[in-house]
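Accompanying notes for the structure given below.
What follows draws every value from the coordinates through simple rules; no lab data is involved. It should be emphasised that the depicted structure is a prediction, and the values quoted were computed from it without experimental measurement. Counting neighbours? That spans all protein chains shown, and the Cβs are built from the backbone with ideal geometry, glycine included.
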Amino acid sequence: ETFGDGGMVGREDETISLIQGMSKIRICDLPEGVLFGNTESFFSNMLHKMGKALPQAAAVFINSFEELDPGTTKDLKSRFKIFLNIGPSHLILSPPPMEDTYGCMTWLDKQKLASVAYVSFGSVTTPPPHELVALAEALETSETPFIWSLKDDSKVHLPHGFLDRTTSQGL
């Protein structure tokens, strides 16, 4: 099958069917470099090499737990000799010291307790543009203080002037 920018045209809304339980993830929701975008990046090359090596692996470990997605775990256990969920590992690791480059902590300290909405879709998926617009309009209209973790390339879909109009309301 052909992947890359040319191979994905018109297929962006197709879902992944390789692994049970992931069939709701659309191709366009994958991080850039997995099937499209910069397929020569370090990340893309690493994923490609891992995908080729996995069938020969003596054991496969993932940072998850069975109760999170039992269907996917069952499917992966059937595909590999030894498959183990070893997560969530973030619970046993000390958090690294974080630099507050955006001033979030200072800004949060000035807000009323439990009054701030935190919006994030993680690094894997991004809602379609019309949903980003609707969310931005709802945040602005509600006047609720917010912190929105949004990928830089998604900011072009925000309503014109949104960032300027909400500078005192959110980060």
Exposed-loop cut sites defined as trypsin sites (Lys or Arg not before Pro) in DSSP loop states with at most 16 other Cβ within 10 angstrom; longest site-free run of the chain spans 25-80
Most exposed to least, judged by fewest other Cβ atoms within 10 Å, PHE162, PHE61 sort to PHE61, PHE162
Which of [x] 15.9; [y] 19.4; [z] 18.3 gives Kirkwood radius over Cα pairs in Å as computed here? It is [y]
Counting only DSSP beta bridges fully inside the chain, the antiparallel percentage to nearest 5 is 10
A student applying the Cα gyration tensor rule (rounded when a/c is under 1.5; otherwise prolate if a/b is larger than b/c, oblate if not) would label the stretch 78-171 oblate
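What is the order of ILE92, ILE16, fewest Cβ neighbours within 10 Å to most?
ILE92, ILE16
Using only the Cα atoms of the stretch 109-148, build the gyration tensor, take square roots of its eigenvalues as a ≥ b ≥ c, and label the shape rounded, prolate or oblate: rounded if a/c is under 1.5, else prolate if a/b is larger than b/c, else oblate.
On the way: a/c = 4.24, a/b = 1.55, b/c = 2.73.
Oblate is the answer for the stretch 109-148, as a/c is 1.5 or above yet b/c matches or exceeds a/b.
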